[in-house]
Amino acid sequence: MSLALAVPERRADGVVQAPDRIQPTGLAAVQTEQLIGDVGDALRLLDAVERVRGHAHPLVLGLQDAVGLKMPAALVLSAIANGRRNADEVADQVGTTPGEAELAIAELEALGMVRTDPRLTVTSLGQARLSQLDALTVRVLDVVTGILGPSDAGHLIRLLHTVADGLESAAVTAAVPQVAIHN
């Protein structure tokens, strides 16, 4: 059994031969039936994503200011409201470390938004903040769907779910190193 590494071969005429295709991992492993045709298409896609992100950033900051809660803390508060019982469960839902989740929980407790004794729960103040955030989020999404119209908004939702599914599977693929083994 030997591990095959992709090493360029030099032909007799001095030309370097490209190695056989290396199996991609992570985001490169996400494949669709229609791949981006050229670098220009990829750059235009990245530019469009960046434009949306650039316009969304002030909206996120505005939501944070209106509610008085930063997004990471709001995600932790939401996880607790969704029944997460400890820092490990919160960290799993939010996508952070248990230590960071513990710190966020302590900060939310100091603000009076969660209670840790006798069990981890959201207080009425925390519920009020989540309700405010939900209402503001619905208003922002209403603006987005108003820009697109019902048909395009439906398409966007389906496309975003497809992208999220692909990125989730890419994250799983990236966690498992792919090595070509030949006998």
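The values are calculated or read from the model by the stated rules, or taken from the named source; none is laboratory data. Just so we're clear, the structure is a prediction, and the values are computed from it rather than from any experiment. All Cβ positions, glycine included, derive from the backbone under ideal geometry; neighbour counts span all protein chains shown. Remember, those area values only see protein heavy atoms, side chains included, never the ligands or the DNA or RNA. Shrake-Rupley method; radii C 1.70, N 1.55, O 1.52, S 1.80 Å.
Shape index of segment 67-141: Rg/Rh, with Rg the Cα radius of gyration and Rh the Kirkwood radius from the inverse mean 1/r over Cα pairs, equals 0.96. Loop-resident trypsin sites (Lys or Arg not before Pro) (DSSP state other than H, G, I, E or B) in segment 47-137 with no more than 13 further Cβ atoms inside 10 Å of their Cβ: Arg85, Arg119. Expressed as a whole percent, the accessible area of segment 61-123 that falls on carbon and sulfur atoms is 51 (1.4 Å probe). Amide H contacts of Val114 (H built 1.01 Å from N, in plane; Pro and chain starts excluded): Glu109, Thr123 sit under 5 Å, all sequence-distant by 5 or more or on other chains. Taking label positions 7 Å along the Cα-Cβ direction at both Asp117 and Asp142, the computed distance is 4.3 nm, reported to one decimal.
Using 0.36 nm per residue, how much length does the chain from Ala81 to Glu109 gain when fully extended, once their Cα-Cα distance is taken away? Extra length from Ala81 to Glu109 when fully extended: 8.7 nm.
Each Lys and Arg Cβ is given +1 and each Asp and Glu Cβ -1; about its Cα centre, segment 113-168 then shows a dipole of about 260 debye.
Full extension of the chain segment joining Glu50 with Ile157 gains 36.7 nm, where the gain is 0.36 nm per residue of separation less the Cα-Cα distance. The calculated FRET efficiency for the pair Asp92 and Ala66, based on their C-beta separation and a Förster distance of 25 Å, comes to about 0.30.
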